[in-house]
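J.: Attaching a single structure in structure tokens format; questions to follow.
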Amino acid sequence: MNKKFVFSMWTYNDIREFTLDEIDVWIDLGMTLPMLPTTYIGRDDPSILKPWLDKAQERGVQVIVNYSGMSYGDFANLGREKYIERVKPLYDALASHPAVHGFCIGDEPFNKEALEASLETLKVNKELAPHLTPYLNYTGATEDFPPETLGGRDLSGWMKHAYEESGVDEICFDSYSQTINTGGGMTGHLTALRKWKEAAKAANDSELWGCLLSSGHHVYSPPDENLYRWQINTAAAAGLRGVLWFRLYDRENVISYYGSPIDEFGDKSEAYYALKRCQRRFNNHYGEIFMKLRHKSTFMINSDRGVFPTFTEGSHDIITKIRANDETMISFFEDENGDEFLCIVHCETRFYGDVYVHFDKSKYYLSEFTMNGKVQTRPDGDQADCEINDAFVEFTPIPAALHLFKIVKK
């Protein structure tokens, strides 16, 4: 398991466009598991990656190797034996390097044949290097595929089947509708978070990542800082443990994509610094502790989306009531000792809010965690207007803010 919340990105650029200094750029941006630029089987000897892996190890990160020619589409075209013959030299040369997390094996299997090929490709890559984790990204629309496409299963059934068969324990899916700037777009994204987390839990509680959006294209707008923060914080609150961004670099020959953190001229855009602040702040405060927590449940208040159940009296035996001005996401987690945590995300991306958390003060208090638990603050929970045995904690979140509390028994 990764020690910090995963931040990564799709890197379509040819590796020959960069020097090793680009690794420093990724780390400055807050990437914890970057994807290497594209290399090509038949053109690039694996030795070309040795300096990249050495530099990554020196900087303390692992990477996803992105070799064109080893996807599930290549598996389908070549068959198992020829596919193994093609990719085994890459594993022989690179798999033992401590900076390798895994190899990218493709994006968005789109029909029954592609899904079946992706499963076989996961299995082969896991067989070749059991200690590595192949990276596969599913289209978020997989949740809407008919049962016949999923082998007679629903999404959870397919993921349970695929990840028990392959032995892989990381799942990634993409979701972009949150950037359409409509309430319906955000509803669709939150629905995807819920359905995919349910599927990951069914698949032996596999670690779940979301491929989220950093490039404007089609009907999707490039995010501002508040929307970057909203994407990260709602993902964490829904139980995800990683975010990959589509994508990091704009490219001169792809003019319908724009607003990425690094533009087509190689310059850092406004988005670069917005994303940097969001990623590094999140990992400074929560990136280690969230990797140690198990997601239990999620609720909403002030929401008519119908995605998560409404938090009401009786939803939790300790937290008796939560009040807020705006739509708010409420999740409960548990650590390895059985201690419970309350995560609250202010889902408004434009305005500050007010949140009041009521609890039984005779038995518990809330301790707010920041700096990954190095700073634990017990807010005042004994306001005068509370009923007997009831207290509340009040705080004012910034747009799209996340607050994490430990529920402490007295």
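The values are calculated or read from the model by the stated rules, or taken from the named source; none is laboratory data. All values reported here derive from a predicted model rather than from experimental measurement. Here the Cβ positions follow ideal geometry from the backbone for every residue, glycine too, while neighbour counts run over all protein chains shown. For the accessible areas, the whole protein counts, side chains as well, though only heavy atoms, and no ligand, DNA or RNA atoms are used. Shrake-Rupley method; radii C 1.70, N 1.55, O 1.52, S 1.80 Å.
J.: Give me P(r) over region 129-188, computed from all C-alpha to C-alpha distances, binned every 5 Å, as integer percentages.
T.: 4, 15, 20, 20, 16, 13, 7, 3, 1
J.: So, taking all protein chains as they sit and a 1.4 Å probe, how much accessible area belongs to S315, in Å² rounded to tens?
T.: So the heavy atoms of S315 present about 40 Å² to solvent.
J.: R80 to V219: extension gain in nm, 0.36 nm per residue of separation minus the Cα-Cα distance?
T.: 46.2 nm
J.: With all distinct Cα pairs included, what does the Kirkwood hydrodynamic radius of region 74-207 come out to in Å, to one decimal, could you say?
T.: One over the average 1/r among Cα pairs gives 15.7 Å for region 74-207.
J.: Oh, and also: How large is the convex hull of the Cα atoms of region 188-311 per residue, expressed in Å³ as a whole number?
T.: 124
J.: Still on this structure, I have one more. To the nearest 10 square angstrom, how much accessible area does E198 have with a 1.4 angstrom probe?
T.: Accessible surface of E198 is approximately 90 Å².
J.: Provide, as a two-decimal number, the C-alpha radius of gyration of region 290-408 over 2.2 N^0.38 Å, N being how many residues it has. Each step should come with its number before you reach the end.
T.: Details: Rg = 13.7 Å, N = 119, 2.2 N^0.38 = 13.5 Å.
For region 290-408, the normalised Cα radius of gyration is 1.01.
J.: Here's something else I'd like to know. So what's Rg/Rh here for region 147-228, counting alpha carbon atoms and using the Kirkwood radius for Rh? The partial results should precede the final answer.
T.: Values: Rg = 14.6 Å, Rh = 13.8 Å.
We get a ratio of 1.05 for region 147-228.
J.: Let me ask something additional. Using a 10 angstrom cutoff on alpha carbons, build the Gaussian network for the chain and name the most mobile of F145, F173, F75.
T.: Result: F145 has the largest fluctuation of those listed.
J.: Here is a further query. For the residue pair M371 and K296, what label-to-label distance in nm results when each label sits 7 Å from Cα along the Cα-to-beta-carbon direction?
T.: In this crude spin-label approximation the distance works out to 2.8 nm.
J.: Can you work out the accessible area per residue across region 29-120, with the rest of the protein chains kept in place, probe 1.4 Å, in square angstrom?
T.: Values: 3800 Å² over 92 residues.
In whole numbers, region 29-120 has 41 Å² accessible per residue.
J.: Then there is this: In Å², and per residue, what accessible area does region 240-390 have when probed at 1.4 Å with the other protein chains present?
T.: On the way: 7630 Å² over 151 residues.
On a per-residue basis, region 240-390 sits at 51 Å².
J.: Over region 1-100, how many percent of alpha carbon pairs lie in each 10 Å bin up to the one with the longest distance?
T.: Pair shares across the bins are 14, 47, 31, 8, 0.
J.: Between (i) 140; (ii) 215; (iii) 195, which entry matches volume of the Cα convex hull per residue in Å³ as derived from the coordinates of this structure?
T.: Given (i) 140; (ii) 215; (iii) 195, the structure-derived one carries the label (i).
J.: Could you check how much of the accessible area of the chain is carbon and sulfur, as a whole percent, using a 1.4 Å probe?
T.: Looking at the chain in its full context, I get 46 percent from C and S.
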